[in-house]
Structures are given as C-alpha cells and as structure tokens.
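The values are calculated or read from the model by the stated rules, or taken from the named source; none is laboratory data. Remember, it's a predicted structure, so these values are computed and weren't measured experimentally. In this analysis, Cβ positions are derived from the backbone assuming ideal geometry, glycine residues included, and neighbour counts consider all displayed protein chains.
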Amino acid sequence: MTTRTRREQVEFCRPFVLTGVADLQPAGSYTVDTEEELLETLTVPAWRRTATVIQLTRGGATEYQTVDPTELHEALMRDGAQHDHAAASFHSKRKRRRNARSIMNALRRDPSDTWRT
C-alpha cells in the first residue's frame, strides 16, 4: 500500500491545550505531520488520513503526539491565527451580488476582450 506524509507549520498566537497533550502548550509555531494512504479506486486517486501528529518540544526534547485533526483545526480557529475558509463571508448577500455584478459589467465594457468576436 502506498503512503505519504504531508508536513505543515501551524501558528498559535495564544497558549493552547489538546486532548492527549498533558500540559498547556505555549504560543508558537508547530510542525504537524499528516500520514495518508492511497485508496485503491478505479477512477481517481484518493487519499485517506491515517494519523495526524504534532511535534512538541519540551526541555530540548522533541515529542511526537497523535492528535485528532478536527480538534486541532478547532483549536486553531479559536486561536484566530488562521482564516477558516469554510466560514461564511461576513459581507451581506446584496454586497456580494453587487460586487459580482460590477466585475461582470467591467468585463463587458473592456474592448480588449476577444471572446465575443
């Protein structure tokens, strides 16, 4: 079975705690490794997460702690350091529609457009 590991840096602006991690962790940058395995599908390649591990440094020693990826994401959103792309826009529906309409009108008026010819 084919596996891969994705590594990313996450940033906490405030101290945080996660289930399975004994102490309150200080604010800072942390490395998170996500291990995934390739699913044997007939149509497209798909990957399934098998483990999410965060690296914690305590007294000069590095500890690798398995964490729940949903809990980690929620902790990051509570911290406010990352932007939640799944969250709804705080602009009103009317403002979004008006913005889209103005962009479309600007494109219609652009004489350099060659797709209409």
Can you find a residue in segment 55-68 that is assigned to a strand (DSSP E or B) and either in contact with a Phe, Trp or Tyr (Cβ under 7 Å, 6 or more places away or on another chain) or on the phi > 0 side of the Ramachandran plot (or both)? yes
Selection within segment 49-63 - more than 18 Å from Q9 (Cα to Cα) and surrounded by 10 or more Cβ atoms within 10 Å (Cβ to Cβ): T50
Please pick out the residue among V53, V10, V67 that is modelled with pLDDT of 90 or more and touching a Gly at 6+ places or on another chain (Cβ under 7 Å). V67
Within segment 28-53, work out how many residues are touching a residue at least 40 places away in the same chain (Cβ under 8 Å) and among the hydrophobic types (A, V, I, L, M, F, W, C). 2
Would you be able to tell me the number of residues in segment 8-22 that are touching a residue at least 60 places away in the same chain (Cβ under 8 Å) and touching a helix residue (DSSP H, G or I) at 6+ places or on another chain (Cβ under 8 Å)? 5
Name the residues in segment 18-38 that are loosely packed, with under 14 Cβ neighbours inside 10 Å and either modelled with pLDDT under 90 or in contact with a Pro (Cβ under 7 Å, 6 or more places away or on another chain) (or both), would you? T19, G20, A22, D23, L24, P26, A27, L38
